[in-house]
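The values are calculated or read from the model by the stated rules, or taken from the named source; none is laboratory data. This one's a predicted model, so the numbers in the text were calculated from it and none came from an experiment. Here Cβ is always computed from backbone atoms with ideal geometry, including for glycine, and neighbour counts include all displayed protein chains. Remember, those area values only see protein heavy atoms, side chains included, never the ligands or the DNA or RNA. Shrake-Rupley method; radii C 1.70, N 1.55, O 1.52, S 1.80 Å.
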Amino acid sequence: MRCDLHVHSIASGMFGAPGLSRLARESYNDPAEVYSRLKSLGMSIVTVTDHDSIEVAESLRRHPDFFVSEEVTVNMPSGTEVHVGAYAISERDHIEIQRRRKDFVSLLMYLTERKIFFSVNHVFSGLTGRREVEDFSWFASYAPAFETRNGQMWQESNASAARLAAGLGKIAIAGSDSHTIAGVGLTYTEVPGARTVEEYFAGLRAGRGRVHGAHGSYWKITADVYRIIWGMIGEKPWTAALAPISVLVPAFTAGHWLNEVRFCKKWAALLDGQAKRPRMLWDVDSRVEASLAS
């Protein structure tokens, strides 16, 4: 049973780059087209992980092989942000997750209580900004899974995530993280022998998951930015007047890619060879005792 565990659609919100946050969306993928492409590429079950949204559930829940998920933007105790994939959730779960996402400890307690499978996505990426050593201690102690193959990330970034996951005994998952139709379904997680969504996640928890598919590259992300610009022009024809500045896209994506390489090398060097024993919740944040008491 195969599933691309990291997919975006038009419901993922606006593009985060400076100057484009009011013009372009993160993705112009139509949910129905996403579903059809995933099925054509052999995905047994389908989910969409939009940023802090389950809007596509309305149009896709009629498919018996679809389940609801989201990519949650979470505030860590250190003040940093991280993206967490939360899988096979209900509408009630989504509401509670969004209520708690500004407080990682509170969110962690809810996900654990509800036995919701979740992962830390693109562990060695600077997409969400800075990272602190403390963040990795939280991940090591309490995240059941790491995304070890992301279809948009540098291959060495994925390899570093895989090494960290293996060293900490974490579940490895994979997804395309595709914001355009071109990459949807090209990176995925397989669980042999599973027949239902429940068996799929039981298999992941039991360590039977296998990651497959493509890594990212500079050329891949550059092409995707151009596809997003094309989608923006299709939705807002007047933005075609801005087309001449699209010649700067390769320079923009080159800067982004070099930053990703630097980010990965920095944190991989710091974490490689460190003690394998994870710090526990009470070692990291003294506020936990108060949280538990409440």
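Filter segment 129-143 down to the residues that are crowded, with 17+ Cβ neighbours inside 10 Å and either part of a loop (DSSP other than H, G, I, E, B) or of a type in the set (A, V, I, L, M, F, W, C) (or both) and list them by number. Those that are crowded, with 17+ Cβ neighbours inside 10 Å and either part of a loop (DSSP other than H, G, I, E, B) or of a type in the set (A, V, I, L, M, F, W, C) (or both): ARG131, PHE136, TRP138, PHE139, ALA140, ALA143. Within segment 190-210, the set of residues being surrounded by fewer than 20 Cβ atoms within 10 Å (Cβ to Cβ) and in contact with a strand residue (DSSP E or B) (Cβ under 8 Å, 6 or more places away or on another chain) comprises PRO192, ARG205, GLY207, ARG210.
Reported count of residues in segment 209-244, each being among the charged types (D, E, K, R) and touching an Asp or Glu at 6+ places or on another chain (Cβ under 9 Å), is 1.
Within segment 160-179, if we keep just the residues that are free of Cβ contacts under 8 Å to residues at least 60 places away in the same chain and outside any strand (DSSP E or B), the residue that is surrounded by the most Cβ atoms within 10 Å (Cβ to Cβ) turns out to be ALA161.
Of all residue pairs spaced 6 or more apart or on separate chains, those with beta-carbon atoms under 8 Å, a first member in segment 182-208 that is under 15 Å from THR49 (Cβ atoms) and modelled with pLDDT of 95 or more and a second member that is open to solvent by 70 Å² or more (accessible area, probe 1.4 Å) and not aliphatic (A, V, I, L, M) are GLY185/SER40; TYR188/ARG2; THR189/ARG2; THR189/ARG210. When segment 78-113 is filtered for residues that are in contact (Cβ under 8 Å) with a residue 60 or more places away in the chain and of a type in the set (Lys, Arg), nothing remains. The residues on offer are LYS236, LYS220, and the sole one that is among the basic types (Lys, Arg), in contact (Cβ under 8 Å) with a residue 40 or more places away in the chain and touching a Leu at 6+ places or on another chain (Cβ under 8 Å) is LYS236. Contact annotation: residue pairs with Cβ atoms under 9 Å, 6 or more positions apart or on different chains, pairing a residue in segment 64-77 that is farther than 28 Å from ARG195 by Cβ and among the polar types (S, T, N, Q) with a partner that is part of a strand (DSSP E or B) and open to solvent by 20 Å² or more (accessible area, probe 1.4 Å), are THR73/HIS51; THR73/GLU81; THR73/HIS83; ASN75/GLU81. Would you point out the residue of segment 24-54, among those that are under 17 Å from MET232 (Cα atoms), open to solvent by 30 Å² or more (accessible area, probe 1.4 Å) and of a type outside the set (Lys, Arg), that is modelled with the lowest pLDDT? Within segment 24-54, the match that is modelled with the lowest pLDDT is GLU26.
Only one of the numbered conditions (1) closer than 26 Å to ALA214 by Cα; (2) open to solvent by less than 20 Å² (accessible area, probe 1.4 Å); (3) not acidic (Asp, Glu) is violated by VAL105, and that is (1). The number of residues in segment 65-80 that are surrounded by fewer than 20 Cβ atoms within 10 Å (Cβ to Cβ), within 18 Å of the chain's Cα centre (by Cα) and of a type in the set (Ser, Thr, Tyr) comes to 2. I want to confirm something. Restricting to segment 180-189 and keeping residues that are among the hydroxyl-bearing types (Ser, Thr, Tyr) and more than 17 Å from PHE66 (Cα to Cα), which single residue is surrounded by the most Cβ atoms within 10 Å (Cβ to Cβ)? That would be THR187. Go through segment 84-102 and report how many residues are part of a loop (DSSP other than H, G, I, E, B) and open to solvent by 10 Å² or more (accessible area, probe 1.4 Å). Adding up the residues that qualify gives 5.
The conditions are (1) among the β-branched types (Val, Ile, Thr); (2) farther than 19 Å from PHE201 by Cα; (3) open to solvent by 10 Å² or more (accessible area, probe 1.4 Å), and ILE116 fails exactly one of them. Which is it? With (1) among the β-branched types (Val, Ile, Thr); (2) farther than 19 Å from PHE201 by Cα; (3) open to solvent by 10 Å² or more (accessible area, probe 1.4 Å) applied to ILE116, the lone miss is (2). Among the candidates ILE245, ILE229, the residue that is out of contact with any strand residue (DSSP E or B) (no Cβ under 7 Å at 6 or more places or on another chain), open to solvent by 30 Å² or more (accessible area, probe 1.4 Å), under 18 Å from ALA182 (Cβ atoms) and at pLDDT below 95 is uniquely ILE229.
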